[in-house]
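Step one of this worksheet: look at the structure below.
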2 protein chains.
Amino acid sequence: MHTPPELLRAAAIAAMPAQTKTHLLNPNAVRSAKALGAATGLKHLGIHLMTVQPGHAATEYHRHHYEEQCFYVLAGQGEVWIDEQPYAVGVGDFVGLPARGAAHTLLNTGSEPLVFLAARQMLAQDVCDYPRQRQRLYMDGDEEVLVAYEQIRPAPG
Amino acid sequence: MHTPPELLRAAAIAAMPAQTKTHLLNPNAVRSAKALGAATGLKHLGIHLMTVQPGHAATEYHRHHYEEQCFYVLAGQGEVWIDEQPYAVGVGDFVGLPARGAAHTLLNTGSEPLVFLAARQMLAQDVCDYPRQRQRLYMDGDEEVLVAYEQIRPAPG
């Protein structure tokens, strides 16, 4: 029987090619992603099945100014850093990250792949802080620019 | 050690009280929900851990005009109906529902609780169709109104 485009069965997800990406600011941040939301036609919910190998981070320590993000751990053991403090996380744990809130990152501290389901808003435009680098990324559709904190100034009244 | 508000561990989620709701149009649609996103301060991503007991539906067969929704099955066996066709779903299956797309519902057809993680946009304003009832629900903040399809008319040019 045919499967409708809204439904991705576990076997189909397993067969999907993953997109592996190394973070531009952190060579140890390597994650592979399967875009489940986009595959079913979603435009405003980014739903990604993410895998991070042992010893790697999912991302560089960061926070977003506009986009909310969250993740739910499906397999493995890790450490989430929130506001420069580490916390152990495992299967069934959830982390929600309000915009302009605490910075965070996620490490795989176990010996198995760390697998989690991540959700985000898919905003076309956003701003992201990397506090450990003192750099800010401005995202605008298919273009971006990275600037040092020192370059940013107050907007005129 | 204290746990920050962004982190909900599995044990804390298990201890959260669930909100059980029977659908206004379907006495057999009974689901219990834990609002993980709201508990961590998210306002634009609704993340709910949902449980449906055997023999029950998660919702009345419906579709949204504006809000995107999706879910990922964590435990149990069910049947998702999409555009009036049934499809078996189980652990690791994902369903994404674009706005103004196919109508859908989800049934627990197994003997264990059906548990899934649902994500939605949390729009303050939305419109929802119930095709089997030929009724439409207009949602506006903390108020709503249900009307028959026959009451709706084209907007003047």
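Think of a 1.4 Å ball rolled over the protein heavy atoms: chain A then has 50 Å² of accessible area per residue.
Shown is the FRET efficiency for B:GLN125 and A:GLN19, computed with R0 = 22 Å from the Cβ-Cβ distance and rounded to the nearest 0.05: 0.05.
GNM remark for chain A: springs join alpha carbons under 10 Å apart, and the peak mean-square fluctuation among A:VAL30, A:VAL52, A:VAL91 falls on A:VAL91.
Give me the dipole magnitude in Debye, nearest 20, for chain B about the Cα centre, with unit charges on the beta carbon: positive for Lys and Arg, negative for Asp and Glu. Before the final figure, lay out the partial values.
Details: 12 positive and 16 negative charges, 33 e Å.
In debye, rounded to 20, chain B gives about 160.
Panel note: contact residues of segment B:73-92 (accessible area lowered by at least 50 Å² against the chain on its own; 1.4 Å probe) correspond to B:TYR87.
Projecting the Cα positions of B:PRO86, B:LEU74, B:GLN19 onto the charge dipole of segment B:16-124 (unit charges on Cβ atoms of Lys, Arg, Asp and Glu, taken about the Cα centre) puts B:GLN19 furthest along the positive direction. Between amide H atoms placed 1.01 Å from N, distances below 5 Å from B:GLN69 occur with B:LEU97, all of them 5 or more places distant or on a separate chain. Return the lysines within reach of B:LYS21: Cα separation strictly under 23 angstrom, same-chain partners fewer than 8 residues apart disregarded; answer none if there are no such residues. In chain and number order, the partners are B:LYS34, B:LYS43. Structure remark: mean-square fluctuation, Gaussian network model of chain B, C-alpha springs under 10 Å; the largest value among B:THR40, B:THR22, B:THR59 belongs to B:THR40. The mean number of Cβ atoms from other chains found within 10 Å of a Cβ in peptide A:45-52 is 3, as a whole number.
Given the -39500 (n - 2.57) contribution per DSSP H run of 4+ residues, what per-residue ellipticity at 222 nm results for chain A, rounded to the nearest 500 deg cm²/dmol?
Computed ellipticity for chain A at 222 nm equals -1000 deg cm²/dmol.
Cα gyration tensor of chain B, axes a ≥ b ≥ c as square roots of the eigenvalues: rounded (a/c below 1.5), prolate (a/b > b/c) or oblate? Cα axes put chain B in the oblate bin.
The apolar share of the surface of segment B:16-124, taken as the fraction of accessible area on carbon and sulfur atoms (1.4 Å probe, ligands and nucleic acids excluded), comes to 54 percent.
Summed over both chains, the area buried between B and A is near 3400 Å², taken from the accessible surface of protein heavy atoms with a 1.4 Å probe.
Taking every protein chain into account, the 1.4 Å probe leaves A:ILE152 with about 60 Å² of accessible area, to the nearest ten. Comparing each chain alone with all protein chains together (probe 1.4 Å, DNA, RNA and ligands left out), the residues of segment B:106-122 losing at least 10 Å² of accessible area are B:LEU117, B:ALA119, B:GLN121.
The values are calculated or read from the model by the stated rules, or taken from the named source; none is laboratory data. All figures in this text were calculated on a predicted structure; none of them were measured in a lab. Because the Cβ atoms are built from the backbone with ideal geometry, glycine has one as well, and the counts that use them run over all protein chains shown. For the accessible areas, the whole protein counts, side chains as well, though only heavy atoms, and no ligand, DNA or RNA atoms are used. Shrake-Rupley method; radii C 1.70, N 1.55, O 1.52, S 1.80 Å.
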